[in-house]
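The values are calculated or read from the model by the stated rules, or taken from the named source; none is laboratory data. The shown structure was predicted, so the numbers you read here are calculated from the model rather than taken from an experiment. Don't worry about glycine lacking a Cβ; one is built from the backbone with ideal geometry, like all the others, and counts go over all protein chains shown.
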Amino acid sequence: MVTAFDYLKSELTVYKLRLILIGQKNMSLSSIRLCANISVLPPVAQNSLVEYLNLSDIFVLPSYSEGLSNSLMEAMAVGLPVVATKVGDNTKLVKNGYTGLLIEPKSVEQIIVSLRKLILNADLRNDLGSNALAMMRSEFGKNKLGPELYTKIIETKCYN
């Protein structure tokens, strides 16, 4: 992810790009080149996570393996366009080209291509984000999730 970010930052110099890595359990800070445009945060509380998501333009989940990802669902529930790897249940949540973009695991090139496409095309970002939000409302609405989980994940953005 950091390699892709560095590449795009040098290519798309007219954009103010910022990368925020949250909850990276196994990442050594020495493994990334820290700069003013990269922040590494420990896992954050649910209300803080929603704040970070609401400040974001794009969400990337570059997992090598995944079950049903709460973080992916949370990003989609706040209307973010997502880029996610084709692993686990990501392929059930992300409809490629409709609610987000799916990429192969471990492909820095596909992360770069997908992010470039979203950075340069605001209409696509907005469409994917709107479609993701609509899907979360219809597939994971109050009647389909327990009330507590629904409130934490969806209600914050979907119905405010």
Legend entry - Scope segment 81-92; condition touching a residue at least 40 places away in the same chain (Cβ under 8 Å) and either outside any loop (DSSP other than H, G, I, E, B) or surrounded by fewer than 23 Cβ atoms within 10 Å (Cβ to Cβ) (or both); matching residues: Val82
Legend entry - From Glu51, Glu109, Glu74, Glu104, residue being farther than 18 Å from Met135 by Cα, in contact (Cβ under 8 Å) with a residue 12 or more places away in the chain and among the acidic types (Asp, Glu): Glu104
Inset, instruction - Would you confirm whether any residue within segment 42-58 is buried (at least 21 other Cβ atoms within 10 Å of the Cβ), outside any loop (DSSP other than H, G, I, E, B) and among the β-branched types (Val, Ile, Thr)? - result: no
Legend entry - Subset of segment 59-70 [surrounded by fewer than 17 Cβ atoms within 10 Å (Cβ to Cβ), free of Cβ contacts under 8 Å to residues at least 40 places away in the same chain and not in a loop (DSSP other than H, G, I, E, B)]: none
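What do you reckon, is Tyr98 surrounded by fewer than 18 Cβ atoms within 10 Å (Cβ to Cβ), aromatic (Phe, Trp, Tyr) and at pLDDT 95 or above?
In short, yes.
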